[in-house]
Amino acid sequence: MPTPPIDPTHVTRAPGAGGLAQLGSLERFQAFAAWARNRLRHGIISLTLEMTRRCNARCDFCDHWREPKQVEDVDHADVVRRLDPLVVVFCGGEPLLRRDLLAEVRRVVAVPGWRYHVIITNGWLLDREMGLRLRDAGMQQINVSLNWPDDRQSQERKLKGLFDRIARTVPALAREGIEVNLNTMVMRDNLEELTAIAGLAREWGCKVGYTLYSEYCNGNTGHQIGAAELPRFAEVIEELIKLKQQHRHITNNNFYLRSCVSFLGGERIPDCPAGKAMVHVSPQGMVKPCADLPPIEHYAGFRPSRYKGVTCDICWMACRGEVQAPVNLERIREVLGL
């Protein structure tokens, strides 16, 4: 599961499209100080903790559910203490399958220092009570995967009734003041549904972030947008940017959205920060540059400054696009929520 489309580079996108304006004065200062410290020492921006590889969904673009059961014995608080990231993402598989998840979240949140904590879930095991328990444990953002604005979501995940659950739970959590984001993969299949999903997010009182589909996870090329769809895709991207400017509920930066079109048109964007600014840690404690690359070494010995980095350029997911966005006037206005 890819890292969600948050922008830890400026600390501010993680709480949503409103940027720093959404935080209180003290937290704004703490967030900026944490970001400045992180950038001065070239630290890890985003750490994704793979809480489990188990999953109750049966997606055709991910093989986690096909994998044999694996040992899950990582001291996640120690991982965070040693790697000291700015953003911690709890993911899977499906992280809510971990019976000790809330206890692990509390231990991670208790590690000294300012951080932003996010969880990604398919929504099947998420309800109002669980959302409140996650918030009480210290989770600052809940991301729910949603590729369709209707029951096709249930069909995609092979979980009957999933969309109805999400449609009940997300608005309920938003009414409780919980920061909820929808994670949407941009595919050939749902190209004409992307603006409808943005509409749902606004209706439900949450935000949405888009990430370009990559076949690299399990080799399924069937969902990739092709050359014939590119002109329409470019139009949809401009529609999303217009909706973002009107309602401020789309979390991606404009650079990322527009560069999705050029990427699919053949442009390759170098300098992926995987393994340096962004890392994953497996349920066995092994550091991976990203979800789809092989392990480097155990987290206890890993130092991003010693890692040479990756050379691949085959994907353009939002985790890259947010971190690699240029700092210009448009970007500054986005970050400040202007």
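Taking the DSSP bridge list for the chain and keeping only pairs wholly inside it, about 10 percent are antiparallel. Over what distance in Å are the Cα centres of the stretch 179-193 and the stretch 215-263 separated? Between the Cα centres of the stretch 179-193 and the stretch 215-263 lies a distance of 9 Å.
Of Lys207/Lys276; Lys207/Lys288; Lys158/Lys288; Lys207/Lys244, which sit over 20 Å apart, Cα to Cα? Going by Cα-Cα distance, Lys207/Lys276; Lys207/Lys288; Lys158/Lys288 fall outside the 20 Å limit. Note on Glu192 and Arg81: the model spin-label points, each 7 Å out from Cα along the C-beta direction, lie 5.5 nm apart.
Among Leu243, Leu125, Leu134, the sequence by solvent-accessible area, most first, with a 1.4 Å probe is Leu125, Leu243, Leu134. For the pair Asp271 and His247, what calculated FRET efficiency results from E = 1/(1 + (r/R0)^6), where r is the Cβ-Cβ distance and R0 = 30 Å, to the nearest 0.05? The value I calculate is 0.40.
Multiplying the residue separation of Tyr216 and Leu125 by 0.36 nm and removing their Cα-Cα distance gives an extension gain of 30.1 nm. Look at where the Cα atoms of the stretch 49-127 and of the stretch 303-334 average out, and the two centres are 23 Å apart.
Inter-label distance, Leu230 to Asp151: 3.8 nm, where each label sits 7 Å from its Cα along the C-beta direction. Pop the C-beta distance of Arg99 and Glu203 into the FRET formula with R0 = 35 Å and round what comes out to the nearest 0.05. Using R0 = 35 Å, I get an efficiency of 0.55.
Taking the protein heavy atoms of the chain in the context of the full set of protein chains, the accessible area attributed to carbon and sulfur is 53 percent at 1.4 Å.
Using the heavy atoms of the protein chains and a 1.4 angstrom probe, tell me the accessible area per residue for the stretch 64-189 in square angstrom.
On the way: 5200 Å² over 126 residues.
Result: 41 Å² per residue.
What is the gain in length, in nm to one decimal, between Glu297 and Ala36 on full extension, counting 0.36 nm per residue of separation less the C-alpha to C-alpha distance? Walk me through the intermediate numbers first.
Working: separation 261, 0.36 × 261 = 93.96 nm, distance 2.75 nm.
In short, 91.2 nm is gained.
Remark on Lys158: its backbone amide H falls under 5 Å from those of Arg58, a criterion applied only to residues 5 or more positions apart or on other chains, H modelled at 1.01 Å from N. With the highest mean first, a sort of the peptides 74-81, 63-70 on other beta-carbon atoms found within 10 angstrom per residue produces 74-81, 63-70. Dividing the helix sum by the residues of the chain, where each DSSP H run of 4 or more adds -39500 (n - 2.57), gives a mean residue ellipticity at 222 nm of -10500 deg cm²/dmol.
Below 8 Å, C-alpha to C-alpha, sequence gap of six or more: please give me the relative contact order for the chain in percent.
It rounds to 23 percent for the chain.
Take each peptide in 246-258, 224-236, count the other Cβ atoms within 10 Å of every residue, and average; sorted highest first, the result is 246-258, 224-236.
The values are calculated or read from the model by the stated rules, or taken from the named source; none is laboratory data. Model, not experiment: these values are computed from the prediction. Positions of Cβ are generated from backbone atoms using ideal geometry, with glycine treated the same way; all protein chains shown enter the neighbour counts. Remember, those area values only see protein heavy atoms, side chains included, never the ligands or the DNA or RNA. Shrake-Rupley method; radii C 1.70, N 1.55, O 1.52, S 1.80 Å.
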